[in-house]
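Below is one structure; the comments refer to it alone.
The values are calculated or read from the model by the stated rules, or taken from the named source; none is laboratory data. Keep in mind that this is a model prediction, so the values were computed, not measured. Neighbour counts are summed over all protein chains in view; Cβ atoms, including those assigned to glycine, are modelled from backbone coordinates with ideal geometry. Just so you know, the surface numbers come from the protein's heavy atoms only, side chains and all, with ligands and any DNA or RNA stripped out. Shrake-Rupley method; radii C 1.70, N 1.55, O 1.52, S 1.80 Å.
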Amino acid sequence: MQMQVRVSALASGSSGNAFLVEAGEVKLLIDAGLSGSTLESYLRAKGVHAADLAAIFVSHEHIDHLRGAGMLARRYRLPVIATEGTFRAGAWQFGSLPERIVQHTGREITVGGVTVRSFAVSHDAADTAGYWIEAGGRHIAICTDLGCETGTIRDALAAADLLVLEANHDLQKLWKGPYPWPLKKRVASDKGHLPNEETARLVSELARDGRTRTVWLAHLSATNNTPALAYDTVAGPLGRDGCAHVKLAVLARDKPSHIWEPGVPAAGGAPPALVP
């Protein structure tokens, strides 16, 4: 059955990550890395009450992905879905949960008419997952917090009508910037965060299939990146290859920004200065 699909970026950065996926009557929160009260406020602005959420998916235990999960789950009796490793490593941050559902990486869970497949990504957490969501015949891939491309992510990225992909840092800014040396090495490692240059390569390779898709650049570093730099680095190869079928946008780090609704004109492709 055809259903209207909408994805809203509530925040995407080291200070917090959260995405609202709506498909018909089903409403899912993918990561809950903001305070519970902030998430409630952002959801209300989208016309959604937190009590209407069907589930909260948490990709890994870092605080910028689970900060508000426990509070929302307890207040509204919501199920939380994550890997066993995430539940173990994040136990003290989750607190007591009314319903805890383990989703092993590589497996799928269906909520209403929405199928959510998890896939492993390379990141320095206990068991980090990306998400491949199928609803109403549309495919959404949310793949942030990864240090490098692995074989487990390619199918989800290639299938995506909406791809949310990390563009965390510019390598030159990282190496020349103020971070202490151990942190620089951690960010740049295969279990750290994806740089603009690798994101550009991945998106350009995906664009060769000629499919129309929207790409949101996510989880930008406040210190080692800028929206304009991330946008230009990824958009440059697309422009040279004539890939106008890829619509590109940069997500705001600490507030709601873009909304994706198939069939509705998208905000992607705007010059960086116009990206919220």
Q: Search segment 74-109 for residues being assigned to a helix (DSSP H, G or I), small (G, A, S) and out of contact with any Ser or Thr (no Cβ under 9 Å at 6 or more places or on another chain), and hand back the single one that is surrounded by the fewest Cβ atoms within 10 Å (Cβ to Cβ).
A: A91
Q) Just one of L157, L163 is farther than 23 Å from G24 by Cβ and either touching a residue at least 40 places away in the same chain (Cβ under 8 Å) or part of a loop (DSSP other than H, G, I, E, B) (or both); which is it? A) L157
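Scanning segment 34-56 for residues that are hydroxyl-bearing (S, T, Y) and in a helix (DSSP H, G or I), which turns out nearest to V21 (Cα to Cα)?
Residue satisfying both the conditions and the ranking: Y42.
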Q: Collect the residues in segment 16-33 that are aliphatic (A, V, I, L, M) and surrounded by 23 or more Cβ atoms within 10 Å (Cβ to Cβ), keeping them in residue-number order.
A: A18, V21, A23, L28, L29, I30, A32
(Q) Taking the criterion of being modelled with pLDDT of 95 or more, small (G, A, S) and over 19 Å from the mean Cα position of the chain (by Cα), would at least one residue in segment 53-69 satisfy it? (A) no
Q.
Is it the case, given these coordinates, that T128 is open to solvent by less than 20 Å² (accessible area, probe 1.4 Å), at pLDDT below 95, in contact with a helix residue (DSSP H, G or I) (Cβ under 9 Å, 6 or more places away or on another chain) and not hydrophobic (A, V, I, L, M, F, W, C)?
A. no
Q) If we keep just the residues of segment 190-232 that are open to solvent by 40 Å² or more (accessible area, probe 1.4 Å) and in contact with a Pro (Cβ under 9 Å, 6 or more places away or on another chain), which is nearest to S15 (Cα to Cα)? A) T223
Q: Taking the options R74, R44, name whichever one is in contact with a Leu (Cβ under 8 Å, 6 or more places away or on another chain) and charged (D, E, K, R).
A: R74
Q: State the number of residues belonging to segment 168-189 that are surrounded by fewer than 17 Cβ atoms within 10 Å (Cβ to Cβ) and among the polar types (S, T, N, Q).
A: 2
